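> Just dropping this structure here.
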Amino acid sequence: MKNITLIVVAILFLAGSNSEVLAKEYFVAKLGDDSKDGSSRETAFATIQKGVDALSPGDILTIAPGEYHESLKRIDLGNLEKETVIRAAIPGTVVLRGDLPVSSFRQVPKSRFVYVADLKTMSEVPVVNEIDTLTIFKRMPNASELEFIPGSFHHDAAAGKLYISTSDMKPPQTHHYSASVISTHGIYFVRPRRVTIEGIAMTGFSTMKLLHYREQTAGSVWGMFLVDPKSCVVRDCRAYLNGWGIGMGSYAITSGDNIIEHRRRAAQCRRRRE
């Protein structure tokens with residue numbers, strides 16, 4: 001009887017061990033390759049979306065430092081039995097970007113405050129960002145109006161030109177600029193279950209259009225938005241110069257019990273109370 005008990009215990013132990021082995025870790029890196037399997041740093045994916053698509057409940061996606069020009073979408077990621085993790089290898093070094101850097105501005109002839117740069121893109125430009133001042137410029141229907149409205153821009157898509165008037169009327173060489181070109185959310189997950197997203201920044205996601213109500217995002221574009229999440233954690237993430245920041249919408253009765261956590265800020269608050 002004792003031997004039978006030991007055999008049963010051994011079988012249960014092995015079954016538990018096998019369930020842990022089933023969880024995988026995937027990797028993403030700027031010099032990766034989406035045609036590889038992503039199962040090691042040497043065979044990392046090139047895009048975060050490829051890594052997110054590969055995840056099963058309980059898996060981990062580790063992202064190497066860098067700027068990734070893409071948006072992420074996934075429906076029904078994870079389950080409540082196992083934690084699924086999407087994380088920066090080094091918190092704060094992974095930036096998801098919906099914008100393109102713009103430089104080499106030159107003054108428009110016969111103007112005092114209007115500057116132009118080449119910007120050839122098939123995408124619409126809903127906003128221009130003055131990154132160093134965290135200013136989002138106002139869009140104007142023509143370039144001539146910029147002379148009188150600081151912090152504004154006009155995009156001539158046919159000519160491939162971007163016109164701006166800086167926020168302080170100083171030459172654009174004193175600032176850093178980008179143009180938003182991805183008109184959707186940085187991260188958009190629908191019905192995620194026990195998913196943790198850690199150490200990722202999102203910037204430059206914006207649109208001129210009101211999004212369809214079925215997206216359940218109040219009509220706007222977000223750096224990150226989770227629809228009907230359950231037991232999810234967003235930890236040490238940043239969102240800036242997007243339509244909106246980080247949000248969750250718990251509409252279904254099966255959603256809720258989520259946390260948006262900033263550990264450094266929490267530590268600062270504790271010190272103030274002491």
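> Just need a number here: residues in segment 77-122 that are of a type in the set (Gly, Ala, Ser) and either within 17 Å of the chain's Cα centre (by Cα) or not in a loop (DSSP other than H, G, I, E, B) (or both).
Number satisfying all stated conditions: 5.
> Evaluate the following for Ser111: is it without any contact (Cβ under 8 Å) to a residue 40 or more places away in the chain, of a type in the set (S, T, N, Q) and surrounded by 13 or more Cβ atoms within 10 Å (Cβ to Cβ)?
yes
> Additional query: Give the residues of segment 174-196 that are over 15 Å from the mean Cα position of the chain (by Cα), in a loop (DSSP other than H, G, I, E, B) and either closer than 30 Å to Gln107 by Cβ or acidic (Asp, Glu) (or both), sorted by residue number.
Result: His175, His176.
> Please work out which one of (1) free of Cβ contacts under 8 Å to residues at least 12 places away in the same chain; (2) out of contact with any strand residue (DSSP E or B) (no Cβ under 9 Å at 6 or more places or on another chain); (3) not aromatic (Phe, Trp, Tyr) is the condition Arg106 fails and give its number.
Condition (2) is where Arg106 drops out.
One line per residue, one yes/no per condition, for (1) closer than 27 Å to Val227 by Cα; (2) not assigned by TED's automatic domain parsing to the domain that holds Met248:
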residue	(1), (2)
Val116	no, yes
Val127	yes, yes
Thr133	no, yes
Ile136	yes, yes
Tyr188	yes, no
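> Restricting attention to segment 146-153, does a residue exist that is surrounded by 17 or more Cβ atoms within 10 Å (Cβ to Cβ), at pLDDT 95 or above and assigned to a strand (DSSP E or B)?
Yes: segment 146-153 contains one or more residues that are surrounded by 17 or more Cβ atoms within 10 Å (Cβ to Cβ), at pLDDT 95 or above and assigned to a strand (DSSP E or B).
> Sticking with this one: Filter segment 123-140 for residues that are touching a His at 6+ places or on another chain (Cβ under 7 Å) and in a loop (DSSP other than H, G, I, E, B); which is surrounded by the most Cβ atoms within 10 Å (Cβ to Cβ)?
Val125
> If you go through segment 19-66, how many residues are of a type in the set (D, E, K, R), closer than 21 Å to Pro91 by Cβ and crowded, with 19+ Cβ neighbours inside 10 Å?
1
The values are calculated or read from the model by the stated rules, or taken from the named source; none is laboratory data. Treat the numbers as computed from the prediction; the structure is a model and nothing was measured. All Cβ positions, glycine included, derive from the backbone under ideal geometry; neighbour counts span all protein chains shown.
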